[in-house]
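In what follows, a single structure is set out as structure tokens and then discussed.
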Amino acid sequence: MERPQTLSFWLSPWAVETDVQLYADFVNAVLAKHKRARLYDKYAPLKSLTDENVQQMIKERKLYVKRLFTTKDVITMVGINDDYTIMGALLLPPIDPDIVLPNEQRAFVKKQWKSYL
């Protein structure tokens, strides 16, 4: 009996909303094309990634970055094409992370893809 093939997808903790949506669309396309493919969240099988799953992944990533931003002095987001450093809570005056982080993440994305735009 042939052993099943395994293909794993990983989504960066730095992923922004469009990255998460692209990831979900890609995974769902693979599942639609390859009917024998299976998706697991840890050990629980899933039929697809739903909008609810996508929103949860976005929320988790925002909380992760916000937690790092408020507890670390320097954060380096590691990307495929480049890295991006954010000066965190110890080097900035008290600023609401909900205001600063979206701008920093957009700058990170722009830096990642500048050679492709």
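Observations
- Structure-based [θ]222 nm, the chain - -39500 (n - 2.57) summed over DSSP H runs of at least 4, per residue, nearest 500: -16000 deg cm²/dmol
- Whole-Hz Karplus values for region 15-21 come out as 4, 8, 3, 5, 4, 5, 5 Hz, taken residue by residue from phi with 6.51 cos²θ - 1.76 cosθ + 1.60 and θ = phi - 60°; glycine and proline positions read x.
- Against the chain, whose longest principal axis is taken from its Cα atoms, helix 97-113 shows a tilt of about 60°.
- Amide H contacts of Leu39: Leu46, each under 5 Å away and 5 or more positions distant or on a separate chain (H built 1.01 Å from N in the peptide plane; Pro and chain starts excluded).
- Look at the alpha carbon pairs under 8 Å that are at least 6 residues apart: their mean separation over the length of the chain gives a relative contact order of 20 percent.
- Highest average packing first - 104-112, 74-82, Cβ atoms within 10 Å: 104-112, 74-82
- The chain: angle of helix 51-71 to the longest principal axis, Cα-based, in degrees nearest 10: 30 degrees
- Label point distance in nm, Arg38-Asn103, each placed 7 Å from Cα along Cα→Cβ: 4.8 nm
- In sequence order, region 75-81 has phi-based couplings of 10, 10, 7, 9, x, 5, 8 Hz under the Karplus curve 6.51 cos²θ - 1.76 cosθ + 1.60, θ = phi - 60°, and Gly or Pro positions carry x.
Where a number appears in this text, it was derived from the coordinates with a stated rule and is not lab data. Owing to the predicted nature of the structure, the values given are computational and were not obtained by experimental measurement. Positions of Cβ are backbone-derived with ideal geometry, glycine not excepted, and every protein chain shown enters the neighbour counts.
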